[in-house]
Every structure is written in C-alpha cells, then in structure tokens.
1. Got at least one residue in segment 580-595 being surrounded by fewer than 21 Cβ atoms within 10 Å (Cβ to Cβ), within 36 Å of the chain's Cα centre (by Cα), assigned to a loop (DSSP other than H, G, I, E, B) and among the basic types (Lys, Arg)?
2. Any residue in segment 344-367 that is modelled with pLDDT under 85 sitting within a Cβ distance under 6 Å of a residue that is not in a helix (DSSP H, G or I)? List the pairs, counting only those 6 or more apart or interchain.
3. Go through (1) in contact with a Phe, Trp or Tyr (Cβ under 8 Å, 6 or more places away or on another chain); (2) closer than 17 Å to Gly478 by Cα; (3) among the basic types (Lys, Arg) and name the single condition Arg534 misses.
4. Could you list, ordered by first residue, the pairs with Cβ atoms under 6 Å in which the first is in segment 453-475 and at negative phi and crowded, with 24+ Cβ neighbours inside 10 Å and the second is assigned to a loop (DSSP other than H, G, I, E, B) and aliphatic (A, V, I, L, M), at least 6 apart or interchain?
5. Return the residues of segment 31-89 that are touching a residue at least 40 places away in the same chain (Cβ under 8 Å) and of a type in the set (D, E, K, R); say none if nothing qualifies.
6. Going through segment 387-414 one residue at a time, which ones are surrounded by 22 or more Cβ atoms within 10 Å (Cβ to Cβ), more than 24 Å from Arg534 (Cβ to Cβ) and small (Gly, Ala, Ser)?
7. Please give the strands (runs of 3 or more DSSP E) falling wholly within segment 135-176 in which 1 or more residues are basic (Lys, Arg) and within 25 Å of Val18 (Cβ to Cβ).
Amino acid sequence: MGESLLRQRLAAILAADVAGYSRLMAADERATVSALDAARGIFRDRIEGSHGRVIDMAGDSVLAVFDTATGAVTAALAVQRSLGIMTGGVPDGRQMRFRIGIHLGDVIEKADGTVYGDGVNIAARLEGLAEPGGIVVSDSIRNAVKGKLDAHFRDLGERTVKNIADPVRSYAVTPVAETSTLAAATGVDISAPVAGFGGRPALAVLPFANLSGDPEQEYFADGLAEDILTRLALWRWVPVIARNSSFSYKGRAADVKVIGRELGARYVLEGSVRKGGNRLRVTGQLIDAETGHHLWAQRYDRVLEDLFAIQDELTEGIVGALESAVGRAETERARRKPPSSLDAWDAFQRGWWHAHRMTREDFAIAMPLYRRAAELDPGFAPAHVGLAGIRLYEGLFLWTERPAETFAEGLASAHAALAADSLDSHSHMILGALLAVTGKHDEALVVCQKAIELNPSSAWAYSALWTVHLYRGEPEQGIRAVETAIRLSPNDMGMHIWLVALALLHYGARNYVKAGEVAGLAVQRAPQYPLGWRILANALGQLGELDEARDALARYLTLSPGFTNEQAARASTGFRDEAVFQHYLEGLRKAGWKG
C-alpha cells in the first residue's frame with residue numbers, strides 16, 4: 001500500500017460495545033436487535049452533533065473519531081444520558097447498556113476513512129474497563145478537557161491493558177450536577193411552582209440541534225422549536241418557559257436535570273434536525289427533568305418539498321403527542337401522592353386517571369376529586385371540564401335514570417369551565433360535545449371549531465368535532481376528524497374512545513366490515529368501555545355473524561343495563577336525522593336486541 005494512501009494524525013478515538021450482548025440476544029433476539037438499532041441511531045446523532053465521525057458499527061460495537069477531545073467526551077456523555085432515558089422503563093436484566101472508552105493519540109487513517117494504530121487499541125481497552133453505562137478515558141483526554149466540561153473525573157490509577165507496553169492511567173467520567181446561582185442573585189426560588197398556575201408543572205423547549213453540517217438549515221431548526229413552543233403555550237393547563245430563557249442553552253452542553261432546575265421546568269423537550277439530499281430527519285424527546293427519565297421520543301422522516309408545510313406538519317404532530325405524554329406523567333405522579341397532600345392540580349390528575357378508566361366505580365372516585373380541585377381553585381378550568389366529561393358519559397352510557405338532567409349538569413360544568421378560562425380549548429371541546437348530544441348541532445359545530453382554532457394541535461378538540469358530525473349524520477367528515485385526533489396523539493390514553501368513534505362512523509357510512517374490525521380493536525384495548533361492545537354488536541348484526549353479535553350485545557347490556565328499549569336509547573341521543581338514529585338501532589335488533 002502506498003504511503004500516499006495513509007495519513008498519520010492526532011485524534012480522539014471513542015470505542016464502545018454492549019455489556020452482556022450475548023445474554024441479551026439469547027433472552028430475546030428480536031427485542032435486542034431493535035434496541036441495538038435504536039442505540040446506533042443515538043450514537044450517530046450524538047457523535048455527528050459533536051463534530052465526530054462514525055468509523056464502524058460492526059456487531060454490537062461502535063468506533064468513532066473526533067478532531068477534539070472535548071467533542072468526544074461531550075458526545076459520550078450525551079450518548080449515555082440518551083441511552084439511559086431510552087431504557088428507563090425496561091427491567092434491569094433487559095436493559096442495553098454500553099461501555100465507552102476514549103483516548104487521545106495517534107492514528108493511521110486510510111483513504112477510505114478507516115483508522116488503525118495504538119490509539120484505537122487503547123480506546124478499546126479503556127472501554128473494557130468501564131462499568132455498563134459508564135465512560136473511561138485516558139489521562140491524555142482528561143488533561144485536554146480539564147476545566148472545559150461539566151464532568152467529574154475519578155482517578156482509576158494506572159492500568160495494564162492487553163497488547164499495550166506501558167500502563168495507561170485512566171479515569172471514570174460522570175456528569176457534574178451544577179448548582180444555579182440565579183436564586184442567590186435574585187432571591188427567587190426558581191424550583192418553586194410558577195406563580196398563578198396553582199402548582200402546575202412548567203415545560204421548556206430547547207433549541208433543536210442542527211446536525212446537517214449546513215448553516216443554512218439553522219433557521220429551520222430554530223423555527224421548528226419556536227413553532228412548537230408557541231403551540232404548547234396554547235395548552236394553558238401547563239405553563240411554558242419563555243423562548244428567551246430556554247434558547248439561552250443553544251450550543252451549550254448541559255445536563256437536562258440542571259436545565260430543569262435553572263429554568264424551573266419539570267419537563268424538557270429537546271430535538272435535532274438533519275438534512276441529507278432531499279430528505280429531512282427530525283427527532284424529538286421529552287424528558288422528566290427531575291429524574292432524567294425519558295417519557296416520549298419520536299423520529300420523523302420527510303421528503304423535502306415545502307419546508308414551511310413540513311414545519312407545520314411536524315409541529316402539529318410533536319405537540320399533539322406531547323400533551324398525552326405530559327398528561328400520563330402527571331397522572332402517575334399524582335397517584336403516588338398521599339390523598340391528604342393533594343392540591344388542586346394533583347386532585348385533578350388523580351381524578352383524570354380514574355375517569356379515563358370508564359367504569360362506574362372509577363367515575364364515583366373521580367367526581368369528588370374533580371370537585372375538590374374546583375373547590376381548591378375555582379378558576380381552574382380543567383376541574384370543571386372533568387366534571388362535565390363524567391356527566392357526558394354517564395348520560396351516554398345510561399348510567400343515570402334521567403339522562404337529560406345529567407346532560408344539563410354537564411352543560412353547567414362546561415359553562416363554568418369557560419367562565420374560568422374563555423381561551424381554554426378543552427372547555428370549548430367539552431361544551432361542543434354536550435351541545436351535540438343534546439341536539440344543538442349548529443351551535444356545537446361553532447364551539448368545536450373554536451376549540452380547534454384555540455389549539456390546532458389538540459387531539460381532543462377533534463374528538464369533540466367527530467361527535468358533532470356523528471349526530472349531524474355526516475360520517476365521512478367525522479371519520480376525518482377522528483383520524484386527525486389519532487394522528488395527533490397516537491399513544492393517547494383515550495385511544496379506545498377514538499377507536500369506538502371510528503367504528504361508529506364507519507358503521508354510519510355503511511362500511512360494516514371496517515366498523516367490525518375497528519370495534520374489535522377497541523374492545524381488546526378497553527373491554528370495560530360499553531360503547532365498544534355496542535358498535536361491535538351493531539356491525540356483526542349487519543354482517544349476519546349472529547352468534548358473535550349476540551355475545552357482544554350481552555357484554556354491552558351487562559355494562560349498560562339501562563339500554564332496554566327504544567325510549568331509553570333515545571334518551572341518550574341527539575341525532576338530527578331520525579333515519580340515522582334508526583340505522584344505529586337496526587344492527588342491534590339483528591343482534592337480538594328487543595328494544
């Protein structure tokens with residue numbers, strides 16, 4: 001090989017591999033391969049984000065080179081943080097953990113980009129000294145980055161490593177938990193709840209990293225993060241940290257826990273943008289800043305056509321998914337608190353968890369929790385929304401002897417929510433749904449459109465809109481509304497409600513096969529939700545699958561025993577067209593209903 005094809009240079013080399021890879025593969029090969037693919041994506045993103053270059057990802061190993069020691073250590077810390085987030089909910093024995101070693105030394109670089117030499121070998125040996133999930137560096141790295149990074153270096157002493165003549169002094173690296181001087185300087189406790197929000201958690205949106213290597217794409221990354229921040233501010237139930245504060249972290253390597261403390265934010269959204277040719281990749285992840293645990297992550301791949309249209313689409317999708325992720329996290333947090341310590345926010349979250357289980361018993365638990373939240377903070381609109389929602393479903397399920405009065409109580413709570421916050425999308429959403437089921441279709445449509453206008457990323461606003469189209473006898477428009485809700489929040493706790501809605505609307509469009517398929521998914525997901533069994537019985541009755549239809553009808557009547565005759569059924573509906581209403585009863589009658 002000619003010397004012109006070889007180049008000797010100084011580089012920071014990062015070597016990594018999976019601890020216990022063979023054991024993981026033996027336990028669950030498919031899950032391990034999937035986790036490895038995800039981990040490779042994290043390595044590539046963090047390495048390239050720190051101006052490094054991936055050399056090889058053969059098997060379960062990673063080899064990369066950096067022009068600077070700082071870039072290598074920054075990437076390693078970011079990788080381990082992201083991997084820890086990714087595996088946060090995985091049992092200890094199934095977590096994929098990498099060991100990472102880093103060395104600054106000479107390498108021989110071939111024309112094709114591969115590297116060889118003692119520098120590579122030492123990095124690999126240091127990796128073997130690291131604990132699973134840990135980082136070990138040589139003294140040359142430690143000396144090069146000292147004072148430049150927020151990291152702690154624990155001296156491991158000199159270690160003799162295989163095939164290297166001299167012992168290598170090594171250090172275990174961990175991030176340093178910074179302490180903010182802002183509170184001392186201003187007298188403001190930044191970790192305290194945001195004033196005026198009743199103890200509700202704040203959320204911060206960090207500037208998205210531009211991994212394209214193209215400065216021209218910086219505007220797109222910043223614009224996307226700004227759009228997300230603006231949309232999140234429309235939630236109103238969660239305060240969002242101002243742009244000027246969260247964007248001060250642009251280009252800085254800082255621990256998410258530290259950022260959370262400095263900004264007073266419980267949740268932090270971070271992401272990246274990468275452009276290659278005519279394709280764009282955007283990643284986002286939501287992190288609990290108190291624990292560092294990963295709550296949500298998604299990757300979006302798009303073909304570049306209209307950048308502004310893509311930006312709008314990505315913003316809508318990310319914000320819609322975040323609402324569900326934050327809601328789930330807050331609900332679990334509230335459930336862990338002793339009842340005596342619940343404030344208005346916690347009482348609402350615990351009530352919300354029970355309400356979404358959709359059983360009579362859970363409704364009975366949720367009602368006093370919502371009432372307590374409203375008493376503790378009368379201006380807290382979500383508490384009134386929760387009360388209205390329970391009344392809506394009690395009437396629909398005929399879990400009340402007087403549905404009309406129950407709906408009227410729901411409408412009163414919905415109006416109380418609007419009085420508390422006239423710009424809250426959820427308040428308009430629940431009012432629109434109640435107006436629809438009580439036959440006020442035109443007014444309902446206006447109110448639901450206002451809910452979407454106030455928060456275009458609210459999946460639940462579109463959920464109310466499908467209700468209006470259902471009762472107006474417009475199944476195709478309703479289907480589009482449900483599909484939008486599902487696209488905005490694909491992991492929502494209310495997914496079973498939307499699946500039932502989709503089945504109802506397909507039934508209304510006389511696509512009984514599709515209605516049966518979707519209803520089947522709904523009852524698998526939430527067998528306690530009465531309307532799932534009802535629409536399944538409807539669809540199967542129309543399809544002539546009478547044994548299965550009778551079984552589904554029996555399950556429905558067990559959950560909704562008040563649905564005994566047409567008069568009872570009519571009491572909980574507000575269909576504009578009598579023929580549409582009779583069509584919904586037709587499938588039940590074929591299934592054996594005697595109403």
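The values are calculated or read from the model by the stated rules, or taken from the named source; none is laboratory data. Computed from a prediction, not measured in an experiment: that's the story for all the values here. Glycine also receives a Cβ, built like all others from the backbone with ideal geometry; neighbour counts cover every protein chain displayed.
1. No, every residue in segment 580-595 fails to be surrounded by fewer than 21 Cβ atoms within 10 Å (Cβ to Cβ), within 36 Å of the chain's Cα centre (by Cα), assigned to a loop (DSSP other than H, G, I, E, B) and among the basic types (Lys, Arg).
2. Hits for this filter: Ala344/Gly198; Ala344/Asp377; Ala344/Phe380; Trp345/Gly198; Trp345/Gly199; Trp345/Arg200; Asp346/Lys337; His356/Met493.
3. (2)
4. What qualifies is Asn455/Leu234.
5. Asp45, Glu48, Arg53, Asp56, Asp60, Asp67, Arg81
6. Ser413, Ala414
7. So the answer is 151-159.
Matching residues to (1) within 20 Å of Pro215 (Cβ to Cβ); (2) surrounded by fewer than 17 Cβ atoms within 10 Å (Cβ to Cβ); (3) in contact with a Ser or Thr (Cβ under 6 Å, 6 or more places away or on another chain):
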position	(1), (2), (3)
Arg243	no, no, no
Asp288	no, no, no
Asp306	no, yes, no
Gln311	yes, no, no
Leu314	no, no, no
